[in-house]
Every structure is written in C-alpha cells, then in structure tokens.
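The values are calculated or read from the model by the stated rules, or taken from the named source; none is laboratory data. All figures in this text were calculated on a predicted structure; none of them were measured in a lab. Ideal geometry is used to build each Cβ from the backbone, glycine not excepted, and the neighbour counts take in all protein chains shown.
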Amino acid sequence: MADLVEFGSAADAVQNVGDLLGVFAFAISGALLAVHKRFDLIGIVVLAVCTALGGGILRDVIIGETPPVAFDQWRYPLTATLAALLIFFWHPPRRFVRGPLDMADAVGLGIFCVTGTLSAYQHGFPAHSAAALGVVTAAGGGVIRDLLGGRTPSLLRPDEEVYAIPALIGAATTAALLHFDLYTYWAGALAGAGAFGVRVLALRLHWRAPMARPHRRRRGDDSPEVADPAGES
Amino acid sequence: MADLVEFGSAADAVQNVGDLLGVFAFAISGALLAVHKRFDLIGIVVLAVCTALGGGILRDVIIGETPPVAFDQWRYPLTATLAALLIFFWHPPRRFVRGPLDMADAVGLGIFCVTGTLSAYQHGFPAHSAAALGVVTAAGGGVIRDLLGGRTPSLLRPDEEVYAIPALIGAATTAALLHFDLYTYWAGALAGAGAFGVRVLALRLHWRAPMARPHRRRRGDDSPEVADPAGES
Amino acid sequence: MADLVEFGSAADAVQNVGDLLGVFAFAISGALLAVHKRFDLIGIVVLAVCTALGGGILRDVIIGETPPVAFDQWRYPLTATLAALLIFFWHPPRRFVRGPLDMADAVGLGIFCVTGTLSAYQHGFPAHSAAALGVVTAAGGGVIRDLLGGRTPSLLRPDEEVYAIPALIGAATTAALLHFDLYTYWAGALAGAGAFGVRVLALRLHWRAPMARPHRRRRGDDSPEVADPAGES
C-alpha cells in the first residue's frame, strides 16, 4: 500500500496501524488453534503467519498487486511472529482456547473487511468488486488457518455461528461509504466495529443460519453413519 | 472475458451462456455436497460460490488476468447463489445426493474444460499450455469444493471413477481444434459433450484406473489400520 | 525463467537441471504419499504433479510471473509424470514408504529453497523477500501434497521433525550470498546441500521444536478426546 498516498501520510499511518492490528489479531487466532492442535513452536509460528497474512496475500494476488505487501514489508511477518511467540509463552489451557480464539478472529474479521475493501477500491475496483475482495481478505486467513489446521472452515460449519454475514456487512458498508464519497477514518472504524459487534453478538446469542429441510426423516434415516453411502476417504 | 471481442458479440454471448451454465452446474454440485455435510444456508451458498468460481479464479490468477472475471461481473456470483438457493429449498434426501452431485459435476467438467482452454488460448497461450489451463479450470472448482468440504478430492480418490481423463480429453481436443484453426462453436460443444459423456460412462461402467501393485501381500498386511505407521495428524 | 539470461546460457542450463532435479524429487514424494494412501494410477500422477509444480506455481503467482514456468514448458510436468510412473511400477511396500518419502522431500526442499530464492532475486526482489519466497517455493509443494492427500502438513505437525528451519537456513544463506554478490553455482549447491543436511540430521536425530507449556496438567486433562470441546467438523 506504499504507493497509495492520496489520503496523505498521516492517514496512511492510521491505515497501516489498522492493518497491523488485524494481522496481530489473526496471528493470535492462528497461534491459539496451533496450541489447541498441540503443534510445536514452529507449527505455532507458521500457522500464525499463514493465518495473519493469508487473506491479504490472496487479495493482492487476485488484485494483481504483486508482490503482495506481506512479502514486501518486514513489519507484517514480524508482527505475526511476535503474536505467535506471545501465545507460545502465555496462553490459556487448551480446553479454554476457543473463546479467545473466536474473539481474536472477530477482531481480525472486523478490521480486514474494512481495510481489504479500502485497498481494493484504492486500486480502482468498482465498489461491488471491492466489497467482494474485502470479504475474501477477512475470511481468507481464517479459511487457510482451518484448512492447514485440519478442521472444516468456520465459514462453512453448521455448528458455527454466522461468520460470512458480519464480514459482508462490514465490507458492503465500507464499499457504500467509498462509493458515495462519505468514507472517513471514523466511518471506516465504525463499519469495522459494526462487523465485529455483529460477529460477537452472533457468538453470544448463538445466531445460526437455517438448515436445509431434511426429507421424510425416519428413525435414524438422516444420521451421518447410516446415510452416508458416499464413503469419504 | 469482456475484452475478447475477436469472435464477435453474438459468439461472445454463446460463450458467456456456456460459462454461466458451467458455473450453475458446479454451484449445484457444491450446494449438494454442503447439504450432504449438513452445512447451513450460509455454508451452502459459500460452498456453491467457491466451487463454481474457484476453477475460473485459479485459471485467471495463473494467466495473470487480474482481476478474475468472477470478481468483475455480477452475473457469476449471482448465478452461483441462485443455484445454492434452489438446492437449499429443493434437494433430494441426503442419502441420495451423490448421483445428482456427480451429474452436475460432470456437466460443469464438460463445459469448463472447453471454455477454460478457449479462454487461455485467446489470451495468447500456446495450445499445450491452454489445454493444461483447461484442465485446471475444470478440475479446480471440484478440488476446492472437496477440500473445503473436508473430503479427499474426487480427482485423487481411488474409489472414484476416472475424473482427470475426461477433462484432459475435452481440453486436448479443444486445444487441437484451436491450434489447427478448426474450432467452431459446434466443435467446442461436441468436445464438451464428449468429455461429459466419457465422465458419465466412467461413472456408469465404473471405469477405474489401475492401482499400484502391492508388494508381497500377506494376511492383513496391507490394511490401512495395520500398515499405517506414519500416524497421520 | 527463459528470459533470465544474465548468467549466460551455460549457467542457465545448470539452474534448469537443478530445478528439474527438485521437481523430480518432490514428484517422487507426492507419488509415494499417493501409494501410501492407496490412490490409483491417476491419483498418483496428479498428486506427483501437484506436489512437484505447486511450490513453483505459488511462487510465480506471488511474484507476478504469469504464466508460471510450469505451464509454459513441457519439461516440468513431463519430469513429474515420469517420476510418478516410476513409483507406480516400482515402489517399496506401503508400510515402508515413509523413509523414502522423507528423503525425496528433503532433496526437493534443499534444491527449491535455493532456486526459489534465486528466481525471486533475479526478478528484482530485495534479499529478504527473495528468501521468504524461497521458503514458499520449498515448503509450498509439500503443503499442497499433504492437503490434497488429507494429512496435516509436515510443516506444522508436532510429531514431525523440524521442517521450516532447514528451508529457512538454505533460503537465507542464498539470499545473503546474492545480496553480498558472493553467489556462485558452487555456493548455491553448498547452501542447498546444507539445507538438505540439516533436514536429514533432524530426521535422523529426531530434532523437534519445543511444545507450548501445558497448563495445570491433571489426570487426563490434556488428552485430545477430553479436552476438545470445540467439536471439529
């Protein structure tokens, strides 16, 4: 983002601080999953770095901004590594990891759906594409974390509270603000806080999306063991 | 593909209709896997969109066509979302999902191995690279679907009928037609129908590729439980 | 890499031979995992090709070198396919596959952390970014192999000897040599051999990274079955 000077250097600094906060939060979530999975020090650092930088790298590769900023500037991997070391030395017991993991993930989600949309818009994308890229930035790191860590992505899991909706809300709000030329840092911060808030409310109140209606459920008919003739691997 | 006008706008329309049909078919297959996995409404939409657009995004990123068309034009994600909603409201019982899933996947495979090859060739790639990219387009969405859905990709599974071969046949035929300047829409449609047909025949007749010869098989020697000292995850 | 002529064509030939050796070694490792997983002939070829070319494609996409060399030149997929066929016809019993797999992987790791760094540096990247891309090249193929094959990546597994460290050593050494203008083919070969050697020593001597300190371990407290309330997929 070094070349995006139209907002001025002070504004850029704010933007960069936001980005680094998002990197830090996602790195914490990756490191906590690694602790939960009993990975060792290196596994913790690697999973933290991949989670923190994955969404942004995905966005930059799709935008065509090569090399991605994460490869260009020391401070991104450094921040993620520091977060991983922090968790390595100081973390809750494995059985209580999930709450902090979800919270760190929600912070990263709130920040990245705004900065991802902003970055894409500044590269000349129309508002709706920028919003889609904001969602990719916000959700991408978590999907990479979950795939590498060997669990079904939170984005998809039915036992998981709504995840895509807050990202979409934050990204769409940011894109609308930019499109109508109403974007300010405070407005962006509000959009991010809104996305974070919706995610936290969803976690607290167990908001879930509706399930597809099962057909003619009979005794034991729909249990995975019985009804899974596809024989996954 | 908006800039590829050399075939004329009527021809482009045909191409676009083909592409959208492929997107629709792959989205159906992703939504059906999501239903099978008991994902909720959002999981169904997300998996459908990732399956439908994943192969094309992969191709465009590899080609260097950024942003990928899927981020540029509303109709791609919209078509995939509509397919997901259709399946959310109307789908076979979970235990009978596999047949329709395989069929939708075969339709997408047949279409994308042709349109993927065509798109790469129109971007100036030599025929053999274009064919490789056609295979990536056709197989990529399914691999992303299966990874996100937590199963071993159909492309690899030994209990799965041959999958890569029909994609290769369709892509190589299209590339050859383009190389020798024989490509017409009818020829392309035939190549796609051929790939679809080979895949359906493989499913119906249970064509499978040969297994690697096991060594000195003894009683119980090669069972996964016993012979797996590698201790996966 | 066809356009990188500053080292002269003889030097390029050496570089290319190195790259192909790395492709061959990683393809062997992918094919062996496929045999271990009881994939069929097509699964073996596909996994070998994805493992062998995945790291380089990832690097090229991140660099912005599109199309990736693997799509441009026959000899890369051809070498990988030949390695797969070799393993299809001639491989150790499944239960003894892990040693050769680790060894082939170590050869690929040693080669790719050098050639990946070199390639990024030749594209004008600063030394530290080039080293990061060398690690991505060396580790990427293995991560793709393990994800497609359905196991937690070696890069992360706690029961797996240190993997990222040798790649980092080889890439950082190469980047330092290039930065201080001391790089020669012999120096590069030494850096690669060093990375290979550290990896093999780690395997032989069971070097592992430290684990995060568990909290207040009680009887059965930290066993995955009991302490995993997160309910993965």
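General remarks:
- Any hit, the stretch B:161-181, residues being within 14 Å of chain A (Cβ to nearest Cβ) and of a type outside the set (Val, Ile, Thr): yes
- Test: residue in the stretch B:63-73 that is without any contact (Cβ under 8 Å) to a residue 60 or more places away in the chain and among the aliphatic types (A, V, I, L, M): yes
- The helices (runs of 4 or more DSSP H) found entirely in the stretch B:1-108 that carry 2 or more residues being within 20 Å of the chain's Cα centre (by Cα) and modelled with pLDDT of 90 or more are B:8-36, B:41-63, B:75-89.
- Residue within the stretch B:19-41 that is surrounded by fewer than 24 Cβ atoms within 10 Å (Cβ to Cβ), within 14 Å of chain C (Cβ to nearest Cβ) and among the charged types (D, E, K, R) present: yes
- Any hit, the stretch A:74-86, residues being more than 14 Å from chain C (Cβ to nearest Cβ), touching a residue at least 40 places away in the same chain (Cβ under 8 Å) and buried (at least 24 other Cβ atoms within 10 Å of the Cβ): no
- Of all residues in the stretch A:128-142, those that are facing another protein chain (nearest Cβ under 8 Å) and either without any contact (Cβ under 8 Å) to a residue 40 or more places away in the chain or buried (at least 24 other Cβ atoms within 10 Å of the Cβ) (or both) total 3.
- As a summary of the residue check, residue C:122 satisfies the conditions (1) within 22 Å of residue B:156 (Cα to Cα); (2) surrounded by fewer than 23 Cβ atoms within 10 Å (Cβ to Cβ); (3) in contact with a Leu (Cβ under 6 Å, 6 or more places away or on another chain) except for the one numbered (1).
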